[in-house]
Amino acid sequence: MKIKTAEFVVSNTDYKLCPKETLPEYAFIGRSNVGKSSLINALVNQKNLAKTSGKPGKTQLINHFKINNNWFLVDLPGYGYAAISKTKREEFKSMIHKYLINRKNLMCLFILLDIRHKAQTIDLEFMQKMGKEGIPFVMVFTKADKLSQTQIGKNLKNYKIEMLKNWESIPEIFITSSEKKRGIEDILNFIKIHNKSFDPTFCQ
Ligand code: GTP
Ligand code: MG
């Protein structure tokens, strides 16, 4: 899929104020600093559409971007960010959870995982929760440029072993690098296919 236009629409703390559910939507989530905003920028081929930072905790709102006037990308705050108060963290958690369970046009959630790290409890628990809620998701491994292909293979194999302790089958997996633009076409193709099955009447 070619990206012709990508524009920022709105930022919210409340899912009820998000844009009307008339277009298919794809949201990005994962631990703080995993590379959500960077991946969004790589997908739309812009440097600063979504705000990125070397410091975790940059994205703090539900950010909607409209792509090709035809679908939404959503940049979400990261979870597991330690350097904020417990109250604030609970607020983020509740904001994200409400958005995820209520947004009828959410076609798929992209759960980002740093390819360098072994499976973390916080991510495994988050995926369990999404499974229980019936929210469709895929696994997106990030920062692949930081490891050799052999190491990527090893880490992926270990991750799958970990997943199979709780899952009968493993969700679709993407290996990406925003830095090297790896996996971008695959994700855009995935979105293109899912856009076709969007039924706006379901969202009314
Ligand atoms: P929060 O909004 O804080 O939750 O973080 P985020 O998940 O949106 O991460 P962000 O995109 O801001 O990136 C965090 C850091 O990782 C930045 O310093 C990025 O440059 C770096 N980064 C992101 N993606 C990649 C990648 O594919 N390769 C490399 N080498 N660095 C990356
Ligand atoms: Mg971000």
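Would you say Lys98 is in contact (Cβ under 8 Å) with a residue 24 or more places away in the chain, within 27 Å of Lys2 (Cα to Cα) and either in a helix (DSSP H, G or I) or under 17 Å from the mean Cα position of the chain (by Cα) (or both)? Taking the combined requirement at face value, the residue does not satisfy it.
Considering (1) aliphatic (A, V, I, L, M); (2) under 21 Å from Tyr26 (Cβ atoms); (3) out of contact with any strand residue (DSSP E or B) (no Cβ under 6 Å at 6 or more places or on another chain); (4) within 12 Å of ligand 1 (Cβ to nearest atom), say which one Ile170 fails and leave the rest. Ile170 satisfies all of (1) aliphatic (A, V, I, L, M); (2) under 21 Å from Tyr26 (Cβ atoms); (3) out of contact with any strand residue (DSSP E or B) (no Cβ under 6 Å at 6 or more places or on another chain); (4) within 12 Å of ligand 1 (Cβ to nearest atom) except (4). Tallying residues that are assigned to a loop (DSSP other than H, G, I, E, B), within 11 Å of ligand 1 (Cβ to nearest atom) and at pLDDT below 90 within the range 62-83 yields 5.
One residue is enough: does the range 49-60 have a residue meeting the conditions within 12 Å of ligand 2 (Cβ to nearest atom), of a type outside the set (S, T, N, Q) and more than 17 Å from the chain's Cα centre (by Cα)? Within the range 49-60, one or more residues are within 12 Å of ligand 2 (Cβ to nearest atom), of a type outside the set (S, T, N, Q) and more than 17 Å from the chain's Cα centre (by Cα). Here Val10 meets the list (1) closer than 20 Å to Leu112 by Cβ; (2) open to solvent by less than 50 Å² (accessible area, probe 1.4 Å); (3) more than 8 Å from ligand 1 (Cβ to nearest atom) almost entirely, failing just condition (1).
Taking Leu100, is it more than 16 Å from ligand 2 (Cβ to nearest atom) and either open to solvent by less than 40 Å² (accessible area, probe 1.4 Å) or of a type in the set (Lys, Arg) (or both)?
Numbers: more than 16 Å from ligand 2 (Cβ to nearest atom): yes; either open to solvent by less than 40 Å² (accessible area, probe 1.4 Å) or of a type in the set (Lys, Arg) (or both): yes.
Here the answer is yes, as Leu100 does meet what is asked.
Restricting the range 103-126 to residues that are aliphatic (A, V, I, L, M) and either part of a strand (DSSP E or B) or touching a Leu at 6+ places or on another chain (Cβ under 7 Å) (or both) leaves a set whose member that is most open to solvent (accessible area, probe 1.4 Å) is Met107.
The values are calculated or read from the model by the stated rules, or taken from the named source; none is laboratory data. A quick note: this is a predicted structure, and the numbers were derived from the prediction, not measured. Quick reminder, even Gly has a Cβ in these numbers, built from the backbone with ideal geometry, and neighbours come from all protein chains shown. Heavy atoms of the whole protein, side chains included, go into the accessibility calculation; ligands, DNA and RNA do not. Shrake-Rupley method; radii C 1.70, N 1.55, O 1.52, S 1.80 Å.
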